[in-house]
Amino acid sequence: MKRTFAIIFLVLITAFSPSMVTVHADGSQKICAKDMNGDGNVDFTSEVASCMTVQGSDFCPLGAVNCGLGTMDPLCPTNGTGCPGGTYNPTLNRCERPQIVTGYKCPTTGTTYGNQTSCQSACMQTASCQTGTYSVSVSPDQSSSYWFYNGAYRMFCSGSGLYLSANPGGSNRSWTLSGASCSGDANGGENAFITYLQGSGNQLYVYGCDGMQDPEYGSWMPVNCGRLFGVLTFDRAVVSGSTRGMSCILDDASYLSFHDRCDWATWTSIGISGALYQSCPLGNYPCSGGTCSTGSACNAVNGCPAGYQLVNDICIAQPQGGAAVTVNGTTHMCETPVTNSCTGVGFSYDSACDACIKNADCGEGVLEGGLDLCTFKLGSDRCPAGFEYNAAFSACTRDAVCPGGGILDRLRDVCEATNVPSCPEGTVMDQVSGKCLATPFCQVGSYDAGLDNCSVPGSSLCPAEYTFNSFESRCERSPSCGDGSAYSAALDLCLKEPVRLCPTSDYAYQASSRECVAQPVCYVGNFDPVTNRCSGSITGCPLGSQYACLPNPATGILQCSDNVCFNQSAVPTQTTGADTSSYQNDGTVDPSTGDCQGTIYIFNGRGRECRTAGISTTFFNCCDTDPGSFLFIQNTCGSGDAETVQAAGKGMCHYIGDYCQQKWPLIGCVQRANTYCCFNSKLGRIIHEQGRAQLRQFGAGGDWGGAENPNCRGLTPEEFQMLDFSRIDLSEYFGDIKTKAASEVQQDMQRQVSDFYDKVQGK
């Protein structure tokens, strides 16, 4: 098991190293594959490789040959621009390539074609124009009902059709306009009816009556018969003529000239005829000299390949990885921006300082930038209760209290009381003044004779780590930074050197330019600092001039390869599978007895397969019968492979062969599968392997079929009866039996077979 995983790991590391694989924007990878030994199969340990990106182009190391010396631009370490089909512009840090012709557009139709031939064939068509006379013919309405009950009250267009809509109880009538179309709607409303039509130019005017009115003791009279219902507009014909004043078509009907209508019917047949017209059968194109043309020559449509976009007539794309690397013309070094990172809490990189910065810590105080000190202003809020801070004396003060109701004598700094026969407790009689005297007392602080007050010194009020400045009456300390940083008096900030990160070990940080620098690499010739190019003479690729000579990153040798790199996920795969469906239970069962009414097969087998190491198994052998591999096979390969391996591991399967399950066009087989005939027991496999050779139906080879069409059918009762079990070695099976003697097992087996045979024969 350890050996298996070691091989997998080695294959994945050597064939698919992340540093060399070309990764696309969608996350897919490019590989190249080739049947190098011509056996029709692709061995993934030697015939598949990861494509590498060199100078923006794909390079396949399979079958690569050395080129002659050449002249080329120097390579910078880990350039990694990945510009397929384009050129990397180090100044703008982008991939560039000229526009390509993406199609050909017909200017008249706007349709774009893949090639110029098909475009011209569709775009440049010529035909003879058709000449005709535009006309509209309307047959009479044969209704004998009163006009206003069943008369047409609406005429309208719809594309190339002209329609009459009847009053309730009637129906629509339509006429097709040959070679023309019209638009519009002439609607008289319910109970209204059309009296006549009149054409002028390309428009047809529809007139009618709003209905009939029955005057008192008189006949029905039409109402407002001269109202214009609407105008119909035709696309290209000149319309002329009128139906006004036409005769009635019914014998008993009479034309009422004063009403412009027939008394009993609609109108007679009408025809609106116009001038001659010419039309192009190819479409709406102008006719000139009896011919028309669809347009002119097709125009080439320029565009950009996939992944590129057009900007200022240049196809550009962002590099697919790697940093912007340039060759400095002055220092002749490869340069790429450095990544500056900061460690420690609160630090951030500042490009102006080129350092990691954070504000200094002053605790309870504030930073005085002009003094480069942290200061803490004292106030009454830090004095004991009843005290006020006196900045002049840098102390908290309050008036002294005299015991016994005495009065403070500020000149002598004593408390005085009126002379009485006795002095209060805590006082002494002064015989000179005749007063009781006592020393001033302060509950908080001490008595200050100079101030005649109780006082608390300001030096005792400073926070920890601060010292008292009596001249400024404030607390002071130096700013603290920590995390290996130092305080800058010029910036009033804590500064520390950032961690300088360069893309690879090939680059080193240069403090003077604040860039990562490396020596240019010349795979051809020597580097010329004057031209910033690698010099030499070129002989080209021996495989053909169409193949580019690129430096192989693994060897540093200028090589070319005729093997194509492709996206593995985009390869059209040809997949086949073995036919394992033969000789499965397909007969009917007698519901009363449960007996099979079709063909009976004893020790019937089933075709099974498992996949060897290949593209669809991620190069893992899903046919590994090592017990330590089963769990991995079950979780990774799938239930089909796992069931086959489990049965084969128990000795229940006969190996038939392998076949190609998956092919890649122009490359070969990339996935093979092993095929087995698996039985329900090891005994079934043994009897088939040794018994088939005894039966003429199977031949000496056992007639197992092929890998894609295995023959795993069981034995018929007749075939089973013909077997000579004395010629079948069952020692492999007996070795698994511990509870019975070999002779007992054989006797039981023969008895069970005989009973089964008798049941089948109906004995």
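Quick look at the numbers
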{"quantity": "Among the candidates S446, S485, S460, S478, residue that is within 60 Å of the chain's Cα centre (by Cα) and either of a type in the set (F, W, Y) or loosely packed, with under 14 Cβ neighbours inside 10 Å (or both)", "calculated": "S478"}
{"quantity": "Strands (runs of 3 or more DSSP E) contained entirely in the stretch 175-219, each with at least 2 residues that are crowded, with 16+ Cβ neighbours inside 10 Å and modelled with pLDDT under 75", "calculated": "193-201, 211-213"}
{"quantity": "Selected residue (only one of G159, G114 is within 37 Å of the chain's Cα centre (by Cα) and either closer than 30 Å to A297 by Cβ or modelled with pLDDT of 70 or more (or both))", "calculated": "G114"}
{"quantity": "Any helices (runs of 4 or more DSSP H) falling wholly within the stretch 608-707 and containing at least 3 residues that are under 27 Å from V42 (Cβ atoms)", "calculated": "630-636, 639-649"}
{"quantity": "Strands (runs of 3 or more DSSP E) enclosed by the stretch 287-396 - at least 1 residues per element that are over 55 Å from the mean Cα position of the chain (by Cα)", "calculated": "373-376, 388-390"}
{"quantity": "Residue ID - modelled with the highest pLDDT, chosen from residues in the stretch 656-704 that are in contact with a helix residue (DSSP H, G or I) (Cβ under 7 Å, 6 or more places away or on another chain) and of a type in the set (G, A, S)", "calculated": "G702"}
{"quantity": "Cross-chain or 6+ apart pairs with Cβ under 9 Å, the stretch 368-397 first and farther than 17 Å from Y466 by Cα, then aromatic (F, W, Y) and in a loop (DSSP other than H, G, I, E, B)", "calculated": "S380/F387; C396/F387; T397/F387"}
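Residue by residue, here is whether (1) closer than 17 Å to A613 by Cα; (2) touching a residue at least 60 places away in the same chain (Cβ under 8 Å) holds:
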position: D641; (1), (2): yes, no
position: Q671; (1), (2): yes, yes
position: H688; (1), (2): no, yes
position: Q697; (1), (2): no, no
position: N709; (1), (2): no, yes
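The values are calculated or read from the model by the stated rules, or taken from the named source; none is laboratory data. Quick caveat, the model's predicted, so the values are computed rather than measured. Quick reminder, even Gly has a Cβ in these numbers, built from the backbone with ideal geometry, and neighbours come from all protein chains shown.
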